[in-house]
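Take a look at the structure below.
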2 protein chains.
Amino acid sequence: MAINDVQKVLELDSGRAKELPLEEKIAVQKIEEDTIKSFEKRMAIVIPIKDEKIKLFEGVISGVPHECLIIAVSNSRRRRVDHFKMERDTLNQFCRFTRRRAFIIHQKDPKLAQALGEAGYSDLLGENGRVRDGKAEGMLAAMLIAMIMKKQYVGFIDADNYFPGAVWEYARCYASGFAMSKSPYTMVRILWHYKPKISRVVYFKKWGRVSQVTNRCLNSLISAKTGFESEVIKTGNAGEHAMTLRLARMLPYASGYAVEPQELISILEMFGGMLPAARSKALKHGVEIFQIETANPHIHEEKGKQHLKGMLSSGLGALYYSPLCAGETKKVIIDELQQQGAIGEGGEPPQPRIYPPLKKVDLEKFAEIIQENMTLYSLPEEKH
Amino acid sequence: MAINDVQKVLELDSGRAKELPLEEKIAVQKIEEDTIKSFEKRMAIVIPIKDEKIKLFEGVISGVPHECLIIAVSNSRRRRVDHFKMERDTLNQFCRFTRRRAFIIHQKDPKLAQALGEAGYSDLLGENGRVRDGKAEGMLAAMLIAMIMKKQYVGFIDADNYFPGAVWEYARCYASGFAMSKSPYTMVRILWHYKPKISRVVYFKKWGRVSQVTNRCLNSLISAKTGFESEVIKTGNAGEHAMTLRLARMLPYASGYAVEPQELISILEMFGGMLPAARSKALKHGVEIFQIETANPHIHEEKGKQHLKGMLSSGLGALYYSPLCAGETKKVIIDELQQQGAIGEGGEPPQPRIYPPLKKVDLEKFAEIIQENMTLYSLPEEKH
């Protein structure tokens, strides 16, 4: 397993020319336009949505490179105003004008629940028989859809992004990471160049507080296990990340906001050589993790302090309950959560629900049932 | 002369595929990647700089597509801290890593002044024999440099932009406009999708107040002259704009912040058919103006109220003193300026200095003198 240190985007668009002279080749890698496009073609961009402003969603889809397949999974309200319908209409019109295809489904769609159940993955279903709430849950459904759409790569982009240009760059970074990787088991995680803090004066700070703490705890875990002080993890909470589907189908996933840190934990547990591992192809090839720093800053909707606390404690919960997490790191986690007021005296972080790897799903069965409603999910709509 | 109404960017990156089916062809135009790149190759992107934060400048250059030639004209301070040196070093390193060439010059460079003087364009020089202060003055020098670098297109992008992805989109819009045009005399002006107003909550408003007023006055002028109520002008103050150099060399330019509205005024005066016109090739081909609305919002440095007032009154000054401007529009202008507190009772806007068209410059002479210091201006620096 290899975790690459942060790599920076120097040029958003490095043009056509084929070769850099040898001299700079070691430090700087140029990914050609054709290469990027060839990876984009095999990539699904998953956009989880939940009641985001429709203008934001419209901007986000306009930034997804043409060659990528958009898969939108919405958990938006449908009562009184049908937000999902608005999202679907927006995506439909976009697809019609730009001549591309996209896929959109509601997280509570009964057919989706049926397909998951019959394909052997009822883990995602709640008591009412529908897919549970949560971003992670939507992401998992979307990954299965990417698989039945025969994609090789899946990248996630949040729907609350103000900059189509940043969205575009994320997809390029994903493609670049896959292009650089030597393993079919690859993950690319985005490090935002700046996350502007919006106050009276725009102030661009390097990391959010939640990311800082999550990274520190992840690095503490790695340091404790390896005996070497490490600061290699800089993208513990990266909502913007991508995977080869060959890697994606092997990992266990955590629910809610624990999903992104848990992916790293899962990889460390399975391929980090710190725990006894089952033999697997992935182990032979090795897993590569790329952390890529964008040229664009990241501006998204501010969701308030309570949201941040929830994010922090569920993220750290994923670490806390990992078999990799020893007493030392556990103490760091508890201290941090108490300091942030996320847990009280003697408290512990919540234990995230862990979903089994997607490889147990009967994909043919899943595809067969989804196919029955495909005309509803696939855009643009056929005209009558 | 044709002023096109606003056209919107639907997709930042519309990929490779060749054709849209006929049906949508009328409303939606797809500009292929290859086409865009072929225009970018022939385009210089001019970045006027004046004491902008070096991080901002670094971001802006990272967004300029690889195929474009960057021409930076700096009027930054050189006392105590040599800002120009920092800009040059930043651009130099960027060029080295990305294997591209760029041009950078200081506005007060004595060789530049000498070249302008000897080539018959001492209009730009102040009493001390150097190029005058002002963004317009830097832009004029840069256009001449674009000409001697054998470019066909020149596009302007301000150095105070927070989003490399927006910069990238501007260059693409310029290329798209030129690709759509049927005339070699073309101008492309950018309409920002949103200009976010930064306050406690981010609020994205459609236009700045200054743009609104300038557009209203320009439209009033056109309405008065044509007898038809018009709202066609939506980009009167567009700092982000581009021209074919064949058009650029024919226009008179205004100093300071009047430069962008004056370009439209100059085109209306010369090619609008409202004044007796000299015969010219451009008149035969017709001039095409494109106004393109970006998908990205625009976030730049806030420069304060005084700056806005100055911008407003010099911009409206360009209109006010045009032979096209009749009593009715003059009154609208005076009212607006008084209402904004930019002029007092009985006041008039300042009359901008008008520079003659660049076609009078002896380009060979200009090139010859600039060439003497080319190793200073051309980046990356040669290694010794």
Notebook entry, point to check: Which of the trypsin sites (Lys or Arg not before Pro) across the range A:202-274 are loop residues per DSSP, with 14 or fewer other Cβ within 10 Å?
Noted result: A:K206
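Need one number: the % of Cα-Cα pairs in the range A:117-198 sitting beyond the 17 Å mark. List each step's numbers first, then the result.
Details: 2041 of 3321 pairs.
Within the range A:117-198, distances greater than 17 Å cover 61 percent of Cα pairs.
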Note to self: Bin width 5 Å, origin at 0, all Cα-Cα pairs of the range B:219-279: what percent of pairs per bin?
What the structure shows: 4, 16, 24, 26, 18, 10, 1
Next item on the list: Between the label point of A:A2 and that of the same position in each other copy, find the distances and list them shortest first in nm, with every label point placed 7 Å from Cα along the Cα-to-C-beta direction.
Entry: 5.4
Next item on the list: Pick out, from A:A166, A:S220, A:F94, the residue whose Cα sits farthest towards the positive end of the charge dipole of chain A, with +1 on the Cβ of Lys and Arg and -1 on the Cβ of Asp and Glu.
Entry: A:F94
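Explain nothing, just the number: dipole magnitude of the range B:33-118 about its Cα centre with +1 on each Lys and Arg Cβ and -1 on each Asp and Glu Cβ, in debye rounded to the nearest 20. It would help to have the intermediate numbers written out before the result.
Numbers: 18 positive and 12 negative charges, 80 e Å.
The dipole of the range B:33-118 has a size of about 380 debye.
Considering only chain B, what is the antiparallel percent among its DSSP beta bridges, to the nearest 5? Kindly include the intermediate steps, with their values, before the conclusion.
On the way: 17 of 44 bridges.
In chain B, DSSP labels about 40 percent of beta bridges as antiparallel.
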Item checked: Peptide B:4-16, shielding by other chains (average Cβ, 10 Å cutoff) -> 6
Notebook entry, point to check: Using the C-alpha gyration tensor of the range A:240-322, what are the square roots of 5 times its eigenvalues, in whole angstrom, with the largest one first?
Noted result: 27, 18, 10
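In the protein assembly as shown, what percentage of the DSSP-assigned beta bridges are antiparallel, given to the nearest 5?
Values: 34 of 87 bridges.
About 40 percent, rounded to the nearest 5.
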Item checked: the range A:74-119 - Rg and Dmax from Cα coordinates, angstrom -> 12.7, 36
Notebook entry, point to check: So in the range A:1-146, what percent of DSSP beta bridges are antiparallel if you round to the nearest 5?
Noted result: 10 percent
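Find the Rg to Rh ratio for the range A:106-165, where Rh is the Kirkwood radius over alpha-carbon pairs and Rg uses the same atoms. If you can, show how the numbers build up before the last one.
Working: Rg = 13.0 Å, Rh = 12.6 Å.
Rg/Rh for the range A:106-165 comes to 1.03.
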Item checked: Range in chain B, longest, excluding exposed GluC sites (Glu not before Pro) [loop by DSSP; at most 16 other beta-carbon atoms within 10 Å] -> B:128-228
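Using the alpha carbon gyration tensor of chain A, what are the three equivalent-ellipsoid semi-axes (square root of 5 times each eigenvalue), largest first, in whole Å? Let's see the in-between values first.
Values: eigenvalues 179, 136, 100 Å².
They are 30, 26, 22 Å, listed from largest to smallest.
Give me Rg over Rh for the range B:38-183, both radii from the alpha carbons and Rh done the Kirkwood way, two decimal places. The partial results should precede the final answer.
On the way: Rg = 15.1 Å, Rh = 15.6 Å.
On the Cα set of the range B:38-183, Rg over Rh gives 0.97.
Over the whole of A:158-167, what's the average partner chain Cβ count within 10 Å per residue? Rounded to a whole number, please. Mind showing how you got there, number by number?
Numbers: counts 0, 0, 0, 0, 8, 9, 12, 13, 5, 4.
For this peptide, the per-residue mean of nearby foreign Cβ atoms is 5.
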Check: log10 I(q)/I(0), Debye, Cα-only the range B:313-384, no solvent, q = 0.18, 0.23 Å⁻¹?
Finding: -0.73, -1.00
Next item on the list: With a point put 7 Å past each Cα toward its Cβ, work out how far B:Q371 is from B:D89 in nm, to one decimal.
Entry: 3.3 nm
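Within 10 Å of each Cβ of A:61-71, how many other protein chain Cβ atoms are there on average?
On the way: counts 3, 10, 7, 3, 5, 9, 5, 2, 0, 0, 0.
Across the residues of A:61-71, the mean count of other-chain Cβ atoms within 10 Å is 4.
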Check: Hey, how much of the P(r) for the protein assembly as shown falls beyond 46 Å, as a percent of Cα pairs?
Finding: 27 percent
Item checked: Inter-copy separations for B:K55, label at 7 Å along Cα-Cβ, nm, ascending -> 2.7
Notebook entry, point to check: Measuring from centroid to centroid over Cα atoms, what is the spacing of the range A:331-374 and the range B:125-182 in Å?
Noted result: 51 Å
Check: Put the label 7 Å from Cα along Cα→Cβ for B:G304; what are its distances to the other copies, in nanometres, shortest first?
Finding: 3.8
Next item on the list: Find the chain B residue whose Cβ sits closest to the rotation axis that carries B onto A, and give that distance in whole Å.
Entry: B:G165, 1
Notebook entry, point to check: Rg/Rh for the range B:116-267: what does it come to with C-alpha atoms and Rh from Kirkwood?
Noted result: 0.99
Check: About its Cα centre, how strong a charge dipole does chain B have in debye, to the nearest 20, once Lys and Arg get +1 and Asp and Glu get -1 at the Cβ?
Finding: 400 debye
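Take the Cα gyration tensor of the range A:274-324, multiply each eigenvalue by 5, square-root it, and list the three semi-axes largest first, rounded to whole angstrom. Don't jump to the answer; show the numbers that get you there.
Numbers: eigenvalues 202, 87, 10 Å².
For the range A:274-324, the semi-axes come out at 32, 21, 7 Å.
Read the figures in this text as sums done on the coordinates, not as results from a lab. All of these numbers come straight from a predicted model, not from anything done at the bench. Note: ideal-geometry Cβ built from the backbone for every residue, glycine included; neighbour counts use all protein chains shown.
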